[in-house]
Amino acid sequence: MSEFFNRELSWLEFNARVLKQGLRKELPLLERVQFMSIVSSNFDEFFQVRVAATKRMLESSPDTADASGLTPKMVLSSISARAHQIFRQQQDCLINDIIPELAKNGLVYVPSANYTPQQTEFVQKLFRSEIFPLLTPLRTDTEAFPHIKNLEVYAGFLLKPIAGIKTTSTLFKGDDNQPRIAFVELPSGISKLYWLPSDKKERQFATLEDVISLCGTQLFPGFEVEETLVFKVARDADFAVDEDSGTNFIHAMEDVLIQRKSSFPVQLAYNGTSQTIRSFLMKNLELSEDDVYKMDGMIDPSELLELREADETGKMSFEEWEHFYPVDLPEDEPYWDTLKLRDKILHVPYESYDPVVKFISDAADDDNVLTIKMTLYRTGRDSPIIDALERAAQRGKQVIVLVELKARFDEERNIAWANELEKAGVTVIYGLVNLKVHAKVLMIMRRESDTIRRYVHLATGNYNTKTAKLYSDISLFTANPEIANDVSLFFNLVTGYSTLQNMKHLGMAPVTLKDRLLSMIQREIERSTPEQPGLIIAKMNSLTHEEVIAALYRASQAGVKIMLNIRGICMLVPGVKGLSENISVVSIVDRYLEHARIFYFQNAGTPELYCSSADWMSRNLDRRIELMFPILDKTAFRQVKSWLDMYFEDNTNAEVLLPNGSWEAVAQSKRAVKLRAQEMLYKHYKYQNETTEKARKNTQGFEVRRK
């Protein structure tokens with residue numbers, strides 16, 4: 001048995017755990033659809049990046065085995081086998097479970113073969129008036145094969161001249177010896193579902209794919225459609241900008257975005273029965289059977305999420321969970337005085353992200369604030385944070401923002417933000433050469449009396465108001481001067497020229513963070529005894545760093561108990577006698593994406609607790625700028641530790657990793673109370689909010705008598 005699981009196969013098991021949520025019949029129906037769509041979008045990125053990289057490795061180093069002992073060819077073969085299994089499960093669930101259950105709830109999908117005459121007439125009219133003008137058919141018998149865009153959905157048509165119809169010209173007729181195949185890109189920006197007229201009480205709908213496939217003959221006068229196929233192609237997106245080329249960095253990044261649209265294909269997903277079109281695509285895209293995936297249900301299940309608008313009772317969606325404003329932060333005044341007294345931990349999405357926006361907005365409008373410095377990685381559209389930074393610069397404040405352009409699939413948006421910020425007077429730094437800046441940090445410098453006080457925000461997640469409602473993350477507000485000093489050193493290093501200064505509290509990758517982790521693991525080994533064994537508890541997205549895993553193995557062999565909560569990839573093999581018998585690994589997939597990184601070291605009774613932007617992966621610890629920050633405030637320490645413990649109490653959504661690489665649900669005794677970490681956290685914040693509101697109302701109800 002290898003000491004490491006393969007990274008790509010471990011990721012596939014993560015996506016299988018996402019699929020399991022979609023298979024759970026007790027979950028609301030449209031939430032199951034949501035998990036199904038996440039499976040598909042996860043696969044899109046996986047094929048574009050990880051499969052593409054493995055294919056390139058097959059060309060350059062075919063005999064090189066990875067830490068798990070697998071060569072690129074073995075990895076690709078295993079990926080194909082497991083990915084096909086997952087897709088089949090997904091499609092089977094969509095066709096035989098979710099679609100029928102939607103029908104039971106009065107939302108009926110009608111295939112084009114089952115349209116009534118009235119519905120056929122409606123669809124034909126809809127096609128002519130709203131869809132036909134947006135379509136551009138592409139013939140395939142030209143000298144160059146038509147370009148199939150990355151991840152766009154197309155309809156393919158095998159055509160045959162209608163007998164008896166003559167044409168005055170053979171110019172556009174085509175070669176009778178070649179199959180006449182045409183492609184049509186399905187338009188974006190329009191609805192993917194259409195309500196059909198029906199005499200029944202139920203609501204019936206059609207898909208855009210079906211409408212275009214049915215009405216495609218209108219695109220090819222003089223021809224009839226013999227066969228159709230709806231398909232999507234994923235292309236290589238694992239590009240890195242050449243940062244040593246000497247060219248303008250933004251121009252180089254824009255070139256990467258152009259390359260991504262026309263790079264080599266890595267996967268073909270299709271829906272339909274046309275073997276002629278399927279074979280034609282495989283030949284021209286140079287794809288093998290392992291690269292081709294049949295979708296019997298829908299290529300993109302997210303189309304069904306448009307049905308949320310028809311869920312009038314809300315029974316097909318999760319009960320709405322409120323994002324509570326923190327009870328220990330003032331809503332109507334800045335946080336300066338509060339943070340002088342204590343640190344504040346923000347836990348989104350259970351708590352609202354508004355305090356982060358308010359923190360920056362207050363700084364922009366405060367005449368005593370002189371400087372704002374921050375990093376931006378994935379900010380999102382229509383960002384109030386960007387608005388506040390621009391306003392601060394326009395009011396004459398010094399605003400320095402490090403915008404990381406290399407945030408994969410967000411590069412175009414980040415380039416636009418960078419240009420907009422510069423126009424507003426913000427000093428924009430475009431990251432560091434060959435290092436992606438992934439740290440999430442903000443510092444505000446404010447004049448107070450005869451001094452300059454620094455206020456800091458450090459986070460495990462991005463400055464993104466949209467994902468803050470969907471991702472579980474932790475951040476720290478503090479005015480601790482020692483942490484502020486470390487943050488000043490950090491910004492001096494990444495924005496200017498500076499030899500690394502010793503940071504008292506922060507760990508920074510790729511310089512000190514990994515060494516700190518390794519030293520804390522070693523310290524746990526040295527201080528562990530049979531009577532009082534060491535303890536490491538860690539929560540993260542992925543664990544792949546071989547050096548860190550080896551250190552955890554040594555700690556396990558020394559008797560240290562290690563509890564890991566890992567959402568995604570885990571290359572560590574737990575529970576192996578003599579190697580990792582003291583290590584357990586659990587994973588939780590639930591309604592919120594688990595994104596926080598929290599690390600606890602028992603340290604012989606003097607425990608330490610850290611949060612970080614970094615997973616324990618090679619890319620994070622060796623090739624990115626990351627920060628790990630301690631939780632020093634005693635109240636904050638107790639809060640974060642209690643949250644961390646909850647993830648190991650979950651017996652509802654948690655799964656445990658077995659030594660053979662498979663995952664199984666955490667065992668639950670018949671008498672055990674069902675515990676679900678995310679639900680426990682939500683109820684905690686709800687109770688805290690309701691208790692505070694009640695106390696506030698009671699206080700307001702007292703009448704104070706005065707003489």
Please work out if Pro117 is closer than 16 Å to Ile190 by Cβ and free of Cβ contacts under 8 Å to residues at least 24 places away in the same chain. no
Check off (1) under 24 Å from Ser613 (Cβ atoms); (2) of a type in the set (A, V, I, L, M); (3) in contact (Cβ under 8 Å) with a residue 60 or more places away in the chain for Val576 and give me the number that stays unchecked. (1)
Which residues, counting only those in segment 33-67, are over 14 Å from the mean Cα position of the chain (by Cα) and small (Gly, Ala, Ser)? Ala52, Ala53, Ser60, Ser61, Ala65, Ala67
Quickly run through segment 82-92 and pick out the residues that are of a type outside the set (S, T, N, Q) and either touching a Lys or Arg at 6+ places or on another chain (Cβ under 6 Å) or open to solvent by 10 Å² or more (accessible area, probe 1.4 Å) (or both). Arg82, His84, Phe87, Arg88, Asp92
Where a residue in segment 415-433 is closer than 24 Å to Arg623 by Cα and its partner, wherever it lies, is small (Gly, Ala, Ser), with Cβ under 6 Å and at least six apart: Val428/Ala418
Show me the helices (runs of 4 or more DSSP H) found entirely inside segment 265-378 where at least 3 residues are of a type in the set (S, T, N, Q), surrounded by fewer than 14 Cβ atoms within 10 Å (Cβ to Cβ) and without any contact (Cβ under 8 Å) to a residue 40 or more places away in the chain. none
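Among the residues of segment 22-39, are any of a type in the set (Lys, Arg) and out of contact with any helix residue (DSSP H, G or I) (no Cβ under 8 Å at 6 or more places or on another chain)?
No, segment 22-39 contains no residue that is of a type in the set (Lys, Arg) and out of contact with any helix residue (DSSP H, G or I) (no Cβ under 8 Å at 6 or more places or on another chain).
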So for segment 125-138 (the condition being under 30 Å from Gln178 (Cα atoms) and touching a Pro at 6+ places or on another chain (Cβ under 6 Å)), does at least one residue qualify? yes
So, in segment 555-575, exactly how many residues are open to solvent by 30 Å² or more (accessible area, probe 1.4 Å) and within 32 Å of the chain's Cα centre (by Cα)? 4
Every residue from segment 61-81 that is surrounded by fewer than 19 Cβ atoms within 10 Å (Cβ to Cβ) and assigned to a helix (DSSP H, G or I): Lys73, Met74, Ser77, Ser78, Ser80, Ala81
Restricting segment 33-60 to residues that are open to solvent by less than 40 Å² (accessible area, probe 1.4 Å) and polar (S, T, N, Q), the one farthest from Leu94 (Cα to Cα) turns out to be Thr54
If I go through segment 608-646 residue by residue, how many of them are of a type in the set (Phe, Trp, Tyr) and either assigned to a helix (DSSP H, G or I) or closer than 25 Å to Asn6 by Cα (or both)? 3
Considering each residue of segment 641-657, count those that are crowded, with 22+ Cβ neighbours inside 10 Å, within 17 Å of His347 (Cβ to Cβ) and out of contact with any Lys or Arg (no Cβ under 9 Å at 6 or more places or on another chain), and give that number. 0
Using the structure shown, decide if Gly425 is part of a loop (DSSP other than H, G, I, E, B) and closer than 22 Å to Leu470 by Cα. no
Within segment 612-622, can one find any residue that is under 20 Å from the mean Cα position of the chain (by Cα), over 30 Å from Leu19 (Cα atoms), open to solvent by 20 Å² or more (accessible area, probe 1.4 Å) and among the charged types (D, E, K, R)? no
Whether any residue in segment 411-428 is within 17 Å of the chain's Cα centre (by Cα) and of a type in the set (Gly, Ala, Ser) is what I want to check. no
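The values are calculated or read from the model by the stated rules, or taken from the named source; none is laboratory data. Please read all numbers here as calculations on a predicted model, not as lab measurements. Note that we place each Cβ from the backbone using ideal geometry, even for glycine, and neighbour counts take in every protein chain shown. When the accessible area is computed, the model is the full protein with side chains, heavy atoms only, and any ligands, DNA or RNA have been set aside. Shrake-Rupley method; radii C 1.70, N 1.55, O 1.52, S 1.80 Å.
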